[in-house]
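In what follows, a structure is listed as structure tokens, so that the remarks can point back to it.
The values are calculated or read from the model by the stated rules, or taken from the named source; none is laboratory data. Computed from a predicted structure; not experimentally measured. Cβ placement follows ideal geometry from the backbone for every residue including glycine, while neighbour counts extend to all protein chains displayed.
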Amino acid sequence: MYVLDHTLPYIILGMPELSKYDITIDCSKQKICQNGKNLNKSQNDKNHSNDKNKQNISLHISECKQINSHCSQTTEDQVNPPQSVTENKCELRKEVKDIIKNFDSVFSKDKYDVGALRVEPQRIVLNSDLPVSLRPYRTSPVEEQEIKSQVEKLLQAGLIKESNSPYSSPVTLAFKRDEGKKTRLCIDFRKLNALCKSDSEPLPLMDSLLDKLSKAKIFSSLDLASGYWHVPIHPKDTEKLAFCTNFGLYEWCRLPFGIKVAPAIFNRLIRRILTKYKIDFAYNYFDDIIVYSSSELEHWKHLKTIFEICEKENIKN
């Protein structure tokens, strides 16, 4: 971030000011107008010299270059350069390796190797007893094979089971950027979500996270492996989470992605776990746990504490 010198020309920021002064920016013609009148300084300077208000809102589009030039000339005394906290890389790697080795059980081998939170099975409450039942979407042979492969892995992991449910939501594949093709298994729960009773659990705010991190010097972000899948679903409600394929009907035994109340349920459970252990150096942000400390030595102790909690609560990262 740069703080611009107050001697630089005035700058209009944001829609409120543009609307307040009825400013129109025409990028193709390099023009700035107020009430249809050209405000570029290169034209009609004399007309603006006696009008204080108009002078305050006049601006050269080309002055962006001037701002960039000013920023590039900023000295190191004016802006504190970022400093590395990993100067002793060998020692840091050893500390990290030792922690991972001692807590190997809290790290998943793949996305299907997830923990099961030691909590009461969660309920999925609907506003209607009328089942949502949709037919499966048409898929190509290649897509069907991909869906079948993933369903088999979910069955083996105990995350889903075969179903006789009156409910049925269709499966689709979404594009996965890192693989460059459609391999992300998604359940179209839109019809079911329309019936889901809302959950008022407040979701984490970025501003709250930044406030907590403001005085810390070292951080770690723990990405919970397939986070929602850690949450067991009450046996009476698994049938509501049934999904159909062209080769069978299955239902979720764990909390699936795509359900409207999933973020609220998961956030509540992780927040309560951290509160139970009186943790004041970690913050859950959706399916991440951010650990923050004021020193490296303190950070290793904090990570060890969090991993001990993960072992007790059957959480995998």
Per the filter on region 139-168, residues farther than 17 Å from Leu255 by Cα and either hydrophobic (A, V, I, L, M, F, W, C) or touching a residue at least 12 places away in the same chain (Cβ under 8 Å) (or both) are Thr139, Val142, Glu143, Glu144, Glu146, Ile147, Lys148, Asn164, Pro166
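Residues in region 170-186: is at least one within 30 Å of Ser295 (Cα to Cα) and modelled with pLDDT under 95?
Taking region 170-186 and keeping what is within 30 Å of Ser295 (Cα to Cα), we get none.
There is no residue in region 170-186 that is within 30 Å of Ser295 (Cα to Cα) and modelled with pLDDT under 95.
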Please find, within region 156-170, the residue that is nearest to Pro136 (Cα to Cα) out of those that are out of contact with any Leu (no Cβ under 6 Å at 6 or more places or on another chain) and either assigned to a loop (DSSP other than H, G, I, E, B) or aliphatic (A, V, I, L, M) (or both). Tyr167
Whether any residue in region 292-308 is surrounded by fewer than 19 Cβ atoms within 10 Å (Cβ to Cβ), modelled with pLDDT under 95 and under 18 Å from the mean Cα position of the chain (by Cα) is what I want to check. no
All conditions in (1) surrounded by 15 or more Cβ atoms within 10 Å (Cβ to Cβ); (2) aromatic (Phe, Trp, Tyr); (3) under 23 Å from the mean Cα position of the chain (by Cα) are true of Tyr167 except (3)
Do we find a residue being over 25 Å from Leu185 (Cβ atoms) and touching a Phe, Trp or Tyr at 6+ places or on another chain (Cβ under 7 Å) anywhere in region 274-289? yes
Residue check for Ala242: crowded, with 21+ Cβ neighbours inside 10 Å and modelled with pLDDT under 95: no
I want to confirm something. Restricting to region 91-142 and keeping residues that are part of a helix (DSSP H, G or I) and of a type in the set (Lys, Arg), which single residue is surrounded by the fewest Cβ atoms within 10 Å (Cβ to Cβ)? Lys101
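Just one of Leu224, Leu255, Leu274 is over 30 Å from Ser133 (Cα atoms), at pLDDT 95 or above and surrounded by 15 or more Cβ atoms within 10 Å (Cβ to Cβ); which is it?
Just a single option satisfies the conditions, and that option is Leu274.
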When you look at Leu173, is it under 18 Å from Ala262 (Cα atoms) and outside any loop (DSSP other than H, G, I, E, B), yes or no? no
Sole miss for Lys236 among (1) in contact with an Asp or Glu (Cβ under 9 Å, 6 or more places away or on another chain); (2) more than 22 Å from Asp110 (Cα to Cα) is condition (1)
